[in-house]
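Report on the structure given below.
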Amino acid sequence: MTKDEYIEMLRQDSERSPYFYKSCWSRVLNPFLIDREIWRFQKLLRKCEYLYSKKGGFVLKIRKYYFSWKFKKLSIKLGFTIPCGCFGAGLKILHRGTIVVNANAKIGKNCTLNAGVNIGTKAGEEGQCPQLGNNIFIGPGAKLFGKIYIADGCAIGANAVVTKSFLEPNMIIAGVPAKVIGKVKRDLS
């Protein structure tokens with residue numbers, strides 16, 4: 001990742017984040033209603049992705065260690081287990097709470113996450129993780145397991161358990177086990 005790519009990724013994240021202050025007046029008028037720690041987490045996530053993509057000497061190793069330590073500390077505080085390199089640009093985390101993502105999962109641009117989301121492997125299938133397209137909305141408590149693919153523009157409902165692929169774009173997926181229950185009527189980005 002180049003520095004320009006890092007800055008562009010931060011810009012796209014900030015455009016979608018409800019926790020990024022768009023102006024200095026919003027900070028003055030609304031200082032307590034916005035959870036700035038989620039935005040700090042996202043900035044540290046992108047910083048670690050950037051630093052670990054570079055090669056360098058002793059000073060870079062110290063910076064990697066320092067930012068990894070800050071990232072891990074804030075992850076524990078917020079309840080997030082989100083490794084570097086899983087999400088494309090435009091990540092939007094709506095709430096604090098347990099969010100667990102396997103390091104092998106690949107999620108495209110403009111993903112929206114709620115609390116209680118789990119994206120991982122099926123039991124006994126190590127390394128086989130979900131791949132999600134762009135503009136995905138994942139509702140609270142949703143679980144996605146195994147080697148599955150979710151097409152662009154899909155919305156996954158609250159408490160859905162997704163264990164199979166959904167290849168048609170712009171579908172609403174919900175239930176246990178998950179199935180298509182409708183079509184998304186608007187753009188999720």
Checklist line | Karplus 3J(HN,Hα) series, Hz, for segment 169-178 with 6.51 cos²θ - 1.76 cosθ + 1.60 (x for Gly, Pro) | finding: x, 6, 10, 9, 10, 7, x, 10, x, 5
Notebook entry, point to check: Is any helix in the chain, taking whole DSSP H runs, at least 27 angstrom long along its axis by alpha carbon and on average at least -1.0 on the Kyte-Doolittle scale, and which ones?
Noted result: 58-78
Notebook entry, point to check: Taking amide hydrogens as modeled 1.01 Å from N in the peptide plane, which residues meet the under 5 Å criterion relative to Tyr149, leaving out close sequence neighbours?
Noted result: Gln131, Ser165, Phe166
Next item on the list: Using Cα pairs closer than 8 Å and at least 6 residues apart in sequence, work out the relative contact order for segment 3-183, in percent.
Entry: 13 percent
Next item on the list: Run the numbers on segment 84-189 and let me know its relative contact order in percent, using alpha-carbon pairs under 8 Å that are six or more apart.
Entry: 19 percent
Note to self: With just the Cα atoms defining each centre, how far is segment 73-93 from segment 111-188? Give it in Å.
What the structure shows: 17 Å
Item checked: Column: log10 I(q)/I(0), Debye, Cα scatterers of segment 23-162, q = 0.10 Å⁻¹ -> -0.37
Check: In deg cm²/dmol, rounded to 500, what helix-only [θ] at 222 nm does the chain give when every DSSP H run of at least 4 residues adds -39500 (n - 2.57) and the total is split over its residues?
Finding: -10000 deg cm²/dmol
Check: What does the charge count near Gly146 come to, summing +1 for each Lys or Arg and -1 for each Asp or Glu among other residues with Cβ under 13 Å from its Cβ?
Finding: +2
Note to self: Under 5 Å between amide hydrogens, which residues at least 5 positions from Ile156 or on another chain qualify, with H placed 1.01 Å from N in the peptide plane?
What the structure shows: Phe137, Ile138, Gly139, Ile173
Note to self: Among DSSP bridges having both ends in the chain, what percentage is antiparallel? Round to the nearest 5.
What the structure shows: 15 percent
Next item on the list: Can you put Cys86, Cys154 in order of Cβ neighbours within 10 angstrom, beginning with the fewest?
Entry: Cys86, Cys154
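A short reminder: the numbers here are calculations on the coordinates, not readings from a lab. Note that the structure is predicted; figures quoted are calculated from it, not measured. Counting neighbours? That spans all protein chains shown, and the Cβs are built from the backbone with ideal geometry, glycine included.
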